[in-house]
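Just below is one structure, and these are the notes that go with it.
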């Protein structure tokens, strides 16, 4: 059995954390006028993915964890639009936009897989109690 004792061990968590760091880095160069607008939204959306994975993994049931994975997927969707908007406003070069979009799409697929594993009753992936 493939037992995962901590959400931080999940590949989707690691990739999402890297994405958050990437978003913080690229938004450093955005207009100061966007500091409390788009920059703040992008940083919250990206960090929300990992935040919800961790919070959900500390809940009492797989059903609750699955719900938080769904919220994380919603945050990935928000971020996907926000990077498109950033590109169209001229804050994000095309190449960076494409790279970030690919990362987000990969994370979304991984989150779908996690939802499925938490839905299947006979799955080998379980989140342990020790945290």
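Over 11 Å from the mean Cα position of the chain (by Cα), more than 16 Å from residue 111 (Cα to Cα) and at pLDDT 95 or above, is that true of residue 3? Taking the combined requirement at face value, the residue does not satisfy it.
Answer yes or no as to whether residue 40 is farther than 16 Å from residue 102 by Cβ, in a helix (DSSP H, G or I) and over 11 Å from the mean Cα position of the chain (by Cα). Here the answer is yes, as residue 40 does meet what is asked. Would a scan of the stretch 59-78 turn up a residue that is buried (at least 20 other Cβ atoms within 10 Å of the Cβ) and more than 18 Å from residue 118 (Cβ to Cβ)? Checked the stretch 59-78: no residue is buried (at least 20 other Cβ atoms within 10 Å of the Cβ) and more than 18 Å from residue 118 (Cβ to Cβ).
The residues of the stretch 86-119 that are under 22 Å from residue 51 (Cβ atoms), surrounded by 14 or more Cβ atoms within 10 Å (Cβ to Cβ) and more than 14 Å from the chain's Cα centre (by Cα), listed by number, are 86, 117, 118.
From the list 14, 6, pick out the single residue that is surrounded by 12 or more Cβ atoms within 10 Å (Cβ to Cβ) and touching a residue at least 60 places away in the same chain (Cβ under 8 Å).
Of 14, 6, the one residue that is surrounded by 12 or more Cβ atoms within 10 Å (Cβ to Cβ) and touching a residue at least 60 places away in the same chain (Cβ under 8 Å) is 6.
Sub-7 Å Cβ pairs linking a first residue in the stretch 110-129 that is more than 23 Å from residue 19 (Cα to Cα) to a second residue that is at pLDDT 50 or above and part of a loop (DSSP other than H, G, I, E, B), at least 6 apart or interchain, are 128/5, ordered by first then second residue. All of (1) closer than 13 Å to residue 7 by Cβ; (2) at pLDDT below 90; (3) within 20 Å of the chain's Cα centre (by Cα) hold for residue 72 with one exception: (2).
The values are calculated or read from the model by the stated rules, or taken from the named source; none is laboratory data. Since this is a predicted model, take the numbers as computed values, not measurements. A quick note on method: Cβ atoms are made from the backbone with ideal geometry, for glycine too, and the neighbour counts reach across all protein chains shown.
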